[in-house]
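The values are calculated or read from the model by the stated rules, or taken from the named source; none is laboratory data. Keep in mind that what you see is a predicted model, and the values were worked out from it rather than measured. Cβ atoms come from the backbone with ideal geometry, glycine included; neighbour counts cover every protein chain shown. For the accessible areas, the whole protein counts, side chains as well, though only heavy atoms, and no ligand, DNA or RNA atoms are used. Shrake-Rupley method; radii C 1.70, N 1.55, O 1.52, S 1.80 Å.
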Amino acid sequence: MFSTLFHTILYQPILNVFVFLYNIIPGHDIGITILLITILVRALVYPLMSSSIKSQKAVQDLQPKLKEIKEQYKDDKQKQATATMQLYKENKVNPFASCLPLLVQLPILIALYMVMRDGLMSDNLGNDIYSFIFNPGKLNNVSFWIFDMAKANLILAIFAGAAQYFQTKAMLVKQPPKEAGEGAKDEQMMAMMNKQMLYFMPVMTVFIGATLPAGLTLYWFFSTLLTWGQQVLIYKQHDKK
């Protein structure tokens, strides 16, 4: 039941949009098709991503006050939890709001992954193409006369890793000064964890991207760039306010 709904509501429409874009692009360049489908998907989930990024930024801005609460009620966990929830309420911040949008868009991303995987690797697109969409049968996987989008490509994986590095760096919690005292221990730990993620995530991106079809890695690269741009824009708007 669920798989049928997933196929009908998400997979098939996204596949047909993908094939439609491929058909209308001069030269049927699969790389440009992936760029356009990435932009469309990011536009579709833009409100959800904005909500998630704003929540992350709001929680990040409250870290100094959260640190004070932990120090003030370090021997009373119940009062610490009550004061923390009160702080969130006063600032109209939902600490779980950044997770929900990501969970909502997860089925869309899974469907898109399956569409590109099937589109790049299949020799026959089958019966999932609507009658009013021209079915080319098989997609031309060569993009920009160089890259075969059906095969792994280390260069694209490195680009995706670099984009992941800058996107992660934009969310780093700054290391507090030494004179901040004992109260900054939690913030120091968070800064250290974020610094580890700054290098861990790009390395993992390169490692995984080098094993995937280049088309999926290219989507990863485009998607990370757009997320980074949206993140920078929202942070600037937030700082101005």
Check: Remind me, relative contact order of the stretch 4-144 in percent, using alpha carbon pairs under 8 angstrom and six or more residues apart?
Finding: 41 percent
Check: 222 nm [θ] for the chain, helices only, -39500 (n - 2.57) per DSSP H run of 4+, per residue, to 500?
Finding: -22500 deg cm²/dmol
Next item on the list: Kindly rank 13-24, 84-95 from highest to lowest mean number of other beta carbons found within 10 Å of each residue.
Entry: 13-24, 84-95
Next item on the list: For the stretch 123-136, take each phi angle, set θ = phi - 60°, evaluate the Karplus expression 6.51 cos²θ - 1.76 cosθ + 1.60, and give the result in whole Hz per residue in order, putting x for glycine and proline.
Entry: 8, 8, 5, x, 9, 7, 7, 4, 5, 8, 10, 5, 9, x
Notebook entry, point to check: Per the 1.4 Å probe, what fraction of the accessible area of the stretch 8-160, in percent, lies on carbon and sulfur atoms?
Noted result: 64 percent
Checklist line | ³J(HN,Hα), Karplus 6.51/-1.76/1.60, whole Hz, each residue of the stretch 204-211, x for Gly, Pro | finding: 5, 4, 5, 4, 6, x, 6, 9
Notebook entry, point to check: Of Lys67/Lys89; Lys57/Lys77; Lys70/Lys236; Lys54/Lys240; Lys70/Lys169; Lys54/Lys169, which sit over 19 Å apart, Cα to Cα?
Noted result: Lys57/Lys77; Lys70/Lys236; Lys70/Lys169
Item checked: Per-selection metrics, the chain (Cα): Rg and Dmax in Å -> 21.9, 69
Notebook entry, point to check: Volume per residue, Å³, of the convex hull around the alpha-carbon atoms of the stretch 1-74?
Noted result: 147 Å³
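Rolling a 1.4 angstrom probe over the protein heavy atoms, how many square angstrom per residue are accessible across the chain?
Value returned for the chain: 60 Å² of accessible area per residue.
Cα-Cα pairs above 14 Å in the stretch 55-106: how many percent?
56 percent
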Checklist line | Isotropic mean projected area of the C-alpha convex hull, the stretch 1-131 (nm²) | finding: 11.8 nm²
Next item on the list: With an 8 Å cut-off on Cα pairs and a minimum separation of 6 or more residues, tell me the relative contact order of the chain in percent.
Entry: 27 percent
Item checked: Protection proxy ranking, peptides 162-170, 30-38, 68-76, 217-225, average beta carbon neighbours within 10 Å, highest first -> 217-225, 30-38, 162-170, 68-76
